[in-house]
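Data block below; observations after.
The values are calculated or read from the model by the stated rules, or taken from the named source; none is laboratory data. Not measured: the values here are computed from a predicted model. Cβ atoms come from the backbone with ideal geometry, glycine included; neighbour counts cover every protein chain shown. Note: areas computed on protein heavy atoms with side chains; ligands, DNA, RNA excluded. Shrake-Rupley method; radii C 1.70, N 1.55, O 1.52, S 1.80 Å.
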Amino acid sequence: MSGTFVGMPAFPVAAREAVHNSTLRGNLRHATHTIRAKREKAVAEVSDWAALREAGKQIKDHTLRHLDRYLVQLEEKVTAAGGVVHWAADADEANRIVTALVKMTGETEVVKVKSMATQEIGLNEALEAAGIHAYETDLAELIVQLGKDRPSHILVPAIHRNRGEIRDIFAREMGEWGRPAPEGLTDTPAELAEAARLHLREKFLRAKVGISGANFMVAETGTLVVVESEGNGRMCLTLPETLISVVGIEKIVPSWQDLEVFLQTLPRSSTAERMNPYTSMWTGTGDGPAGEGDGPGTFHLVLLDNGRTDTLADEVGRQALRCIRCSACLNVCPVYERAGGHAYGSVYPGPIGAILSPQLRGTGSEIDASLPYASSLCGACYEVCPVAIDIPEVLVHLRERIAEGGPATREGNRVVLKPARGHAAERAAMRAARWAFSHPGALRGGQRLAARTRRFHPRSLPGPGRAWSATRDLPEVPAESFRDWWQRTRGGKDVTK
């Protein structure tokens, strides 16, 4: 996806380095635990949270089943309101479209609203190659950009940085990008925020082109919605004369009324707020054919596929497209808390990234083949997901695809994937288990043999299994199997009848 992640090693390699970084682990632990506690309180205030969660799931599933119809409806409404719709099959096409649109304006600078889609396609790098400077205006994204860093969290991209590190970045780098940081800048939040505000204000007032994503697109009206907490989004969406929005095709909802659900669940799950401080909506351009538009002078909507229709073809994996990018799953994940976001090699870290990235990009690379294994399968991510994505189910599904190979859809074509390297032992173990469970006599004999030799069992596994047992206790084999216990105590009779 983003060029900044090219060449990343497999998750186990990157994570091993991250867990030895005590500063990183301290920053992540403090931030995730704080957000998690606030979210619990915000969700507890809503008596019908379970119903809202189910409603969000149903709306998303319905939309995905009829995505073709709603996308056509959206295009019609945006066009009628004075906007121009572009279709991008992949990242390269999206970058070419946006670069050409900016060049048409004659401008060499753009301001950006925080956008996962533009990070996914590496838009900043593509614009830079064309001589166009893209300035991130979200505070956390600004920190990442100034620090020549990579985002590590969906909601708080600079979550791995503490206040002292941010102060040093501002003092060192701001002057190279525009207005320098004030002399004697301290690490107090108020001073850091004021330094960012002053630095960004000159860019807001000068910029003629803005680039955004969108949290939602409403098919029945052609309306785009951006929710945020700082006001930078409102500045990017209202001040520039030209607005270009790059949005994944899955961000669509059928009706205006559907927003009622997501505008309750998204802020509580992401920032632990009852509602977002800034909710910006626009339909087409300010001078649309009807003369009643509320958008910019010129508006372009780039609808991005980039692997989404391939994901949609997978009946199990497609639920990842329900994601509303709240990041609740990251904040409860014990693996993310210890390894951090960079280890995932994607702009989508954490549990949702472990199932989304391998589907959008495929599992051909080392990093993507390792992501479905970056989980303990504890299920905490599913419990907090506001659209009920069963992430553990998809993780197991993708693990099977990687270890066994099989049919999949890539670039719109049905293909048969070969098993990934390094999983021969796993395949052999699973096939042996399948054979044993399909032969009751052999299973019974194996259980009895294991019980009678239990005193000789090692406390750790030999060979490759040592990596597993080094951090886990091997379960003790009981002196008697359940089958034998049932036969002895119940005489083989079914006492439920």
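Note on segment 127-161: among residues that are of a type in the set (Ser, Thr, Tyr) and assigned to a loop (DSSP other than H, G, I, E, B), the one that is nearest to the chain's Cα centre (by Cα) is Ser152. Among the residues of segment 94-139, write down those that are farther than 28 Å from Phe170 by Cβ, surrounded by fewer than 23 Cβ atoms within 10 Å (Cβ to Cβ) and either out of contact with any helix residue (DSSP H, G or I) (no Cβ under 9 Å at 6 or more places or on another chain) or not polar (S, T, N, Q) (or both). Correct list: Arg96, Ile97, Ala100, Leu101, Lys103, Met104, Thr105, Gly106.
Taking each residue of segment 422-437 that is within 21 Å of Asp368 (Cβ to Cβ) and looking for partners that are surrounded by 11 or more Cβ atoms within 10 Å (Cβ to Cβ) with beta-carbon atoms closer than 6 Å, six or more apart or interchain, yields His423/Ala403; Glu426/Ala403; Arg427/Ala403.
For segment 44-69, which positions are in a helix (DSSP H, G or I), open to solvent by 20 Å² or more (accessible area, probe 1.4 Å) and either more than 16 Å from Gln257 (Cα to Cα) or in contact with a helix residue (DSSP H, G or I) (Cβ under 8 Å, 6 or more places away or on another chain) (or both)? Outline the logic, then answer.
Quick first cut of segment 44-69, residues in a helix (DSSP H, G or I) only: 44, 49-65, 67-69.
Narrowing the set further to residues that are open to solvent by 20 Å² or more (accessible area, probe 1.4 Å) leaves 44, 49-51, 53-55, 57-59, 61-62, 65, 68-69.
Ala44, Trp49, Ala50, Arg53, Ala55, Lys57, Ile59, Asp61, Arg65, Asp68, Arg69, listed by residue number.
Is one or more of the residues making up segment 18-40 modelled with pLDDT of 95 or more, of a type in the set (D, E, K, R) and within 30 Å of Gly222 (Cα to Cα)? No, because not a single residue in segment 18-40 is modelled with pLDDT of 95 or more, of a type in the set (D, E, K, R) and within 30 Å of Gly222 (Cα to Cα).
Checked against (1) within 24 Å of Gly122 (Cα to Cα); (2) without any contact (Cβ under 8 Å) to a residue 60 or more places away in the chain; (3) open to solvent by 10 Å² or more (accessible area, probe 1.4 Å), Arg201 meets all criteria but (1). For the structure I just gave you, tell me whether Leu243 is at negative phi, in contact with a His (Cβ under 8 Å, 6 or more places away or on another chain) and crowded, with 23+ Cβ neighbours inside 10 Å. In short, yes. Filtered by the rule that a residue be surrounded by fewer than 17 Cβ atoms within 10 Å (Cβ to Cβ) and of a type in the set (A, V, I, L, M), segment 387-415 gives Val396, Val415.
Only one residue in Glu107, Glu120, Glu176 is closer than 23 Å to Ile97 by Cα, assigned to a helix (DSSP H, G or I) and not hydrophobic (A, V, I, L, M, F, W, C), so which one is that? Lay out the reasoning, then the answer.
Working: Glu107 fails: assigned to a helix (DSSP H, G or I); Glu176 fails: closer than 23 Å to Ile97 by Cα.
Only one candidate qualifies: Glu120.
For segment 322-340, indicate whether the set of residues that are open to solvent by 10 Å² or more (accessible area, probe 1.4 Å) and on the phi > 0 side of the Ramachandran plot is non-empty. Yes: one or more hits. Please work out if Thr79 is in a helix (DSSP H, G or I), touching a strand residue (DSSP E or B) at 6+ places or on another chain (Cβ under 8 Å), open to solvent by less than 50 Å² (accessible area, probe 1.4 Å) and within 30 Å of Ala313 (Cα to Cα). No, not satisfied.
With respect to Ala451, determine if the residue is touching a residue at least 12 places away in the same chain (Cβ under 8 Å) and open to solvent by less than 80 Å² (accessible area, probe 1.4 Å).
Numbers: touching a residue at least 12 places away in the same chain (Cβ under 8 Å): yes; open to solvent by less than 80 Å² (accessible area, probe 1.4 Å): yes.
Considered against the rule, which asks whether it is touching a residue at least 12 places away in the same chain (Cβ under 8 Å) and open to solvent by less than 80 Å² (accessible area, probe 1.4 Å), Ala451 comes out as yes.
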